[in-house]
Amino acid sequence: MEDAKNAKEQLESLKELQNAAAGRVPVLVSGLGDCICLAKVWLEFLQGKVCDEDYIIEEINLAKNGIHKSEMQLLLAKMELKRGETKKAEELLRKLAEYRPDLYSGREAAKILREIS
């Protein structure tokens, strides 16, 4: 539950930053909005709540920010693993590990692949 507590604190910090940036840097506010949505979904996942998978897939398909997209892909893969859909998860994790090895999400995907292989 430490992860959930940290995620909740991060979410509150992001909201404060978004409010502070409003009116000054509209592009930053938009990016922070993406981060807040992502943090909310991760928090739900960490708390064991049911996440809106259709929303996550839509975010992946529409994301213009590569980091946001890769984080959503990692979340979807972890959800698949939790449901026991190992093959689906492996496919998502492989793509992520190959496509974004420079990002945390790509390194985490590679780590999970090693653990489940």
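The values are calculated or read from the model by the stated rules, or taken from the named source; none is laboratory data. Keep in mind the model is a prediction, meaning the values are calculated, not measured. For neighbour counting, all protein chains shown are included, and Cβ atoms are generated from backbone atoms with ideal geometry for every residue, glycine included.
Of all residues in the stretch 58-80, those satisfying the criterion of being over 12 Å from the mean Cα position of the chain (by Cα) and either among the basic types (Lys, Arg) or buried (at least 17 other Cβ atoms within 10 Å of the Cβ) (or both) are Lys64, Glu80. Filtered by the rule that a residue be of a type outside the set (Asp, Glu) and under 15 Å from Cys35 (Cβ atoms), the stretch 57-71 gives Ala63, Lys64, Asn65, Gly66, Ile67, His68, Lys69, Ser70.
Results for (1) assigned by TED's automatic domain parsing to the domain that holds Ala4; (2) closer than 24 Å to Gln18 by Cβ, shown as yes or no for each residue.
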| site | (1), (2) |
| --- | --- |
| Trp42 | yes, yes |
| Glu59 | no, yes |
| Glu71 | no, yes |
| Leu74 | no, yes |
| Lys78 | no, no |
| Lys88 | no, no |
| Leu92 | no, no |
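For the stretch 38-57, taking the residues that are buried (at least 17 other Cβ atoms within 10 Å of the Cβ) and either touching a His at 6+ places or on another chain (Cβ under 9 Å) or of a type in the set (Gly, Ala, Ser) (or both), the one that is modelled with the lowest pLDDT is identified as Leu38.
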